[in-house]
Amino acid sequence: MGMGVEVRNRIAKRAAKEIHNGMIVNLGIGIPSLVPDHLPADLQVMFHAENGILGLGRSPVKGEEDMHLCNAAGFPTTVIAGASYFDSCTAFGMIRRGMLDITILGSLQVSETGDLANWMVPGRRVPGIGGAMDLAQKAKRVIVVMSHVDKDGNPKIVKKCTLPLTSKGCVHVIITDMAVMEVTKNGLLVTELMSPYTIADVQTYTGAPFSVSPSLSTID
């Protein structure tokens with residue numbers, strides 16, 4: 001099920017709250033790329049890209065794009081003071097060394113135990129798994145941002161993934177257009193609701209059991 005720009009930005013804005021001062025963060029394609037637009041101006045964060053940048057900035061103003069500067073998805077970007085450039089080998093060395101505090105990724109499915117499936121749908125042509133496997137395995141914290149259901153209305157949060165896995169047991173937090181869920185050792189825990197959705201709505205459109213936090217809050 002497609003999401004409008006407003007909903008995508010709402011998810012990105014919530015994901016931005018997971019980022020704290022001094023972190024090194026990698027952003028996936030799609031909704032994750034909107035996250036820098038929702039960070040406080042005084043927050044000191046270094047965004048990392050697999051194509052060889054540390055210090056990505058906000059999306060450029062239309063008409064002020066630098067044709068030589070893009071993120072890993074190929075979209076125009078900016079850089080902040082102190083940014084550095086390097087080859088992809090070094091970029092992946094940083095990932096595999098475990099230097100990233102957070103990676104924020106989109107996904108096709110997430111299981112109740114935090115398995116991630118975000119790189120292919122069988123029968124569709126894809127260029128390859130890319131950096132998703134390395135990021136999911138090596139980042140200290142993995143945040144997934146996505147729609148709660150697919151274009152056919154099927155749950156994307158499931159008991160067991162039916163799509164090819166990117167990595168097992170790697171996801172820490174899931175942020176959708178309906179709710180925020182933590183993946184805990186006791187299963188999925190709903191900590192926040194996205195207004196106007198209710199727990200009953202989340203129950204209807206989630207394909208795995210979950211519990212509800214006693215301090216459940218609602219994002220208006």
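The values are calculated or read from the model by the stated rules, or taken from the named source; none is laboratory data. Predicted model only: the values in this text are computed from it and were never measured. As a convention, Cβ positions derive from the backbone with ideal geometry for all residues, glycine included, and neighbour counts pool all protein chains shown. Heads up: the accessible areas ignore ligands, DNA and RNA and are worked out on the full protein's heavy atoms, side chains in. Shrake-Rupley method; radii C 1.70, N 1.55, O 1.52, S 1.80 Å.
What relative contact order, as a whole-number percentage, does region 1-145 give when Cα pairs under 8 Å and 6 or more residues apart are counted?
Details: 243 pairs, mean separation 34.1, N = 145.
It comes to 23 percent, rounded to a whole number.
Sorted by accessible area (1.4 Å probe), largest first, how do S33, S107 line up? Spell out each step's value before the answer.
Numbers: S33 40, S107 15 Å².
So the residues, ranked largest to smallest area, are S33, S107.
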- prompt: Which value in nm describes the separation of the simple spin-label points at A81 and S59, placed 7 Å from the Cα toward the beta carbon?
  reply: 2.6
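Over the chain, with the other protein chains present, what is the accessible area per residue in square angstrom, probe 1.4 angstrom? Before the final figure, lay out each step's value.
Values: 11250 Å² over 220 residues.
On a per-residue basis, the chain sits at 51 Å².
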message: Which of the three applies to region 144-216, rounded, prolate or oblate, going by the alpha-carbon gyration tensor with a ≥ b ≥ c and a/c under 1.5 meaning rounded?
response: oblate
message: Net charge around P76, counting only other residues with Cβ within less than 15 Å of its Cβ (Lys, Arg = +1; Asp, Glu = -1)?
response: -2
- prompt: Given a 1.4 Å probe and the protein chains all in place, what does the accessible area of V121 round to, in Å² to the nearest 10?
  reply: 40
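Return the subset of K13/K151; K159/K185; K13/K140; K160/K185 for which the Cα-Cα distance in this structure is over 19 Å, preserving the input order.
On the way: K13/K151 23 Å; K159/K185 14 Å; K13/K140 21 Å; K160/K185 16 Å.
Over 19 Å apart, Cα to Cα: K13/K151; K13/K140.
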message: What whole-number distance in Å separates the alpha-carbon centres of region 169-220 and region 79-133?
response: 24
- request: Report, to the nearest 10°, how far helix 5-16 tilts away from the longest principal axis of the Cα atoms in the chain, using its own Cα long axis and a range of 0 to 90°.
  value: 80
